[in-house]
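The next block holds one structure in the form of structure tokens; read it before the comments.
The values are calculated or read from the model by the stated rules, or taken from the named source; none is laboratory data. Being a predicted model, the structure only gives us computed values, none of them experimental. The accessibility values were calculated without ligands, DNA or RNA, using every heavy atom of the protein model including side chains. Shrake-Rupley method; radii C 1.70, N 1.55, O 1.52, S 1.80 Å.
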Amino acid sequence: MVNSVLGAVFDALFPATCRLCQLPAHNRLPLCVGCRDELPPNTLACWRCALPLPASGLCPDCQRDPPAFDRVVAPWLYGEYLGYLIQRWKFAGEEDLTALLADLWLARATPDPGIDLLVPVPMHWRRRLARGYNQAELLAAQLAHALPGARLDSRRLARNRATPAQAAMDARARSRNLRGAFTARRPCDNLRIAVVDDVLTTGATAAEAARTLRAAGAAHVEIWCLARTPAPGG
């Protein structure tokens, strides 16, 4: 009770400013209701990889060649506004956006209550040193705090090598780029694991992480991310 009262007083004295429109957000997080309503939810999507579809079901790729992960939880579509927030969070040192992005995920996601571990996608040590933090680990920590029963394990998965940036690569090139990029540091016997990342594009990173955890004995692997990009040309 005391903490909630103090929080309300603090919010009244120091109101948050919306990071998108720069107007008062009128809540504790830096996103106003109007801008939040502009974020497109990922409502109709592939049951397995969360690719946006005209109607819910399995996409052709997942029917033809099922990925190593069991499903993707990606409650939002990657677009201009959410993309701006994620870019500021990842590349501009704005770690304080973690609470907002976790809140957005929790607002629309339907997480599996049986998940044992939240495992962030690891960064190579050189890239982490340059950035100062791993944004996937920050998000995973927030989600673990909010979800009962889910434990954060930031050391379960390691990155073996610094892979080249993938922004300009197609799906096949991304898959080759990531082959053998991860190692499971400990056995995952019969564990149900959620791999946490920011955005799912081709799914190459998610698939390689899932393959690594499966090889270590994981019984079930999900991918939890903020947003899913549409298919090229979609």
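In the chain, the longest principal axis of the Cα atoms and the axis of helix 135-146 are about 70 degrees apart. The calculated 222 nm mean residue ellipticity attributable to helices in the chain amounts to -10000 deg cm²/dmol, summing -39500 (n - 2.57) over DSSP H runs of n ≥ 4 and dividing by all residues. To the nearest ten degrees, helix 80-91 and the longest principal axis of the Cα atoms of the chain are 80 degrees apart. To the nearest ten degrees, helix 2-13 and the longest principal axis of the Cα atoms of the chain are 70 degrees apart.
Comparing Ala55, Ala216, Ala141 in a Gaussian network model of the chain where C-alpha atoms under 10 Å apart are linked, the largest mean-square fluctuation is found at Ala55.
Within the listed set Leu143, Leu23, Leu104, the Gaussian network model of the chain (springs between alpha-carbon atoms below 10 Å) gives the highest mean-square fluctuation for Leu23. Annotation: extensible slack from Asp112 through Tyr133 equals 4.9 nm (criterion: 0.36 nm per residue apart, minus Cα-Cα distance). Note on the chain: with a GNM built from Cα contacts shorter than 10 Å, the maximum mean-square fluctuation among Phe182, Phe91, Phe69 falls on Phe91. Computed over protein heavy atoms with a 1.4 Å probe, the carbon and sulfur contribution to the accessible area of the chain reaches 55%. Centre-to-centre, using Cα atoms only, the stretch 210-224 and the stretch 114-137 are separated by 16 Å. Over all pairs of different C-alpha atoms, the chain has a mean inverse distance whose reciprocal, the Kirkwood radius, equals 18.6 Å.
Per the Debye calculation on the stretch 68-160 with a single equal scatterer at every Cα and no solvent contribution, log₁₀ I(q)/I(0) for q = 0.16, 0.21 Å⁻¹ amounts to -0.73, -1.23.
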